[in-house]
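Novice: One structure coming up, written as structure tokens, with questions to follow.
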Amino acid sequence: MNKTRIALLGFGNVGRSLARYIADRENLTALLDIAAVADSSGAAILESPSQIGALLAAKSSGHSIVQAGIGRSIQSQSDFLKSMLDLGIRVMVESLPTNISEGQPARDIIRSALFEGCSVVTVDKGPMVRGFDELKQAAASSGACLEFTGTTGVAIPDQVAGKQVLEIRGVLNGTTNDILTRMQENGASFDEALSHAQRDGIAEPDPSLDVQGWDTACKILILAHALMGATASLEDVARKGIGPEIESLIQVGKTTGRVARLVGRARIWQGRVRVSVAPKLIDHGSPFYSVAGTSKAAIFRTREGDIVAHGKSGRDSIASTIVDDLLRIAGQL
């Protein structure tokens, strides 16, 4: 496999974790070359592989990419895309902050890149929730690839290929699963478990996207679009998250030998794909029963039987997921 030059659009926690993950592994540096990086301040075209380390150090010191003065600076995103293509960079990794309301600005940037024949790996749920069909069409029009494993919580298993998916169920949010695990294994209240998750860096200071079920809703909806031809929007998802009231459901579970999990579900009902998120009590025989902490899992029901996939949370896990998508694209270039 020839070395693939890639650009990073977004250099926050995810982008920097990916850069370190690649730099620390000789087998990956032989295959992947980070040749350009952009954040909200601007962009830099790197002149040598060693400059990514200097850029990481500058960001750790609180400098923006432009302030770091490493490589050739570019101010506008349109110039960044043009420079990428001129330099033969044909794959972009997009990890901008997620906007699930409109999916912008990443949605337009990804579409433009795909139309120009630049393949994209995204971990950003907003563009995929708000523009799944248009982005897939943009990729098809130019022959570019669009990979989005990092937006769904678990990778779609290879065994699903070519099969009709009748239903998807998933424990897809590591934060809520960690909270529920602490409550059920340690006897913590919801507020105590949430505070603990925030101290550990598992939950955000504002955990609303997770605990209100929005993150799970996005992930199950993207899976439904990808595998079931769903036309539902995010507003169509019947959504119920978790809060202090979940303690009563947990008590019911304890008396019946079940555990509480926040479950996303997509199923065919009356000729349409219906998508929902809600806390559920899980029996001992379910694959979800043993999915504890920040772990994730999904069950894909097909006519041939159920296919189970597992996922992990954490920066190395998301970096590994992105690399898998990158190598999949590189094998097609």
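Taken together, the values in this text are just the output of simple stated rules run on the coordinates, not laboratory data. Worth saying up front: this structure is predicted, and the values here are computed from it rather than measured. Cβ sites come from the backbone with ideal geometry, for glycine too, and all protein chains shown count toward neighbours.
Novice: What is the packing order of peptides 2-11, 311-320, taking the mean over residues of other C-beta atoms within 10 Å and listing the highest first?
Specialist: Descending mean neighbour count gives 2-11, 311-320.
Novice: Considering all projection directions equally, how large on average is the shadow of the alpha-carbon convex hull of the stretch 135-208, in square nanometres?
Specialist: 7.9
Novice: Angle, helix 13-23 long axis vs. longest principal axis of the chain, Cα atoms, 0 to 90°, nearest 10?
Specialist: That helix lies at roughly 60 degrees to the long axis.
Novice: Which of G213, Q104, A203 sits farthest toward the positive end of the charge dipole of the chain, with +1 on the Cβ of Lys and Arg and -1 on the Cβ of Asp and Glu?
Specialist: It is G213, whose Cα lies furthest towards the positive end.
Novice: Further question on the same structure: Express the C-alpha Rg of the stretch 32-98 as a ratio against the empirical globular expectation 2.2 N^0.38 Å, rounded to two decimals.
Specialist: Rg over 2.2 N^0.38 Å, computed on Cα atoms: 1.04.
Novice: What does the convex hull of the Cα atoms of the chain come to per residue, in Å³, rounded to a whole number?
Specialist: Dividing the Cα hull volume of the chain by its residue count gives 139 Å³.
Novice: Taking the stretch 158-311, how much of its Cα-Cα pair set, in percent, is spaced more than 29 angstrom apart?
Specialist: Roughly 17 percent, once rounded to a whole number.
Novice: Would you mind calculating the relative contact order of the stretch 1-120 from Cα pairs under 8 angstrom and at least 6 residues apart, reporting the percent as a whole number?
Specialist: So the answer I get is 29 percent.
Novice: I would also like to ask the following. In whole Hz, with x marking every Gly and Pro, tabulate ³J(HN,Hα) for the stretch 207-224 from phi via Karplus 6.51 cos²θ - 1.76 cosθ + 1.60, θ = phi - 60°.
Specialist: x, 4, 4, 7, 6, 7, x, 5, 4, 4, 4, 4, 5, 5, 5, 4, 4, 5
Novice: Assuming a strict under-15 Å limit between Cα atoms, what lysine pair count do you get for the stretch 158-311 once near-sequence pairs (fewer than 8 apart, same chain) are dropped?
Specialist: Qualifying lysine pairs in the stretch 158-311: 5.
Novice: Hey, what did the stretch 154-256 get for relative contact order, percent, Cα under 8 Å, at least 6 apart?
Specialist: It rounds to 29 percent for the stretch 154-256.
Novice: If you take the Cα Rg of the stretch 55-169 and divide it by 2.2 N^0.38 Å, with N the number of residues, what do you get?
Specialist: Relative to the rule-of-thumb radius for its length, the stretch 55-169 sits at 1.23.
Novice: Note down the relative contact order for the chain as a percent, whole number, built from C-alpha pairs under 8 angstrom at least six residues apart.
Specialist: 17 percent.
Novice: Once amide H atoms are placed 1.01 Å from N in the peptide plane, what residues at a sequence separation of 5 or more from T302, or on another chain, have their amide H within under 5 Å of its amide H?
Specialist: Correct list: L166, I307.
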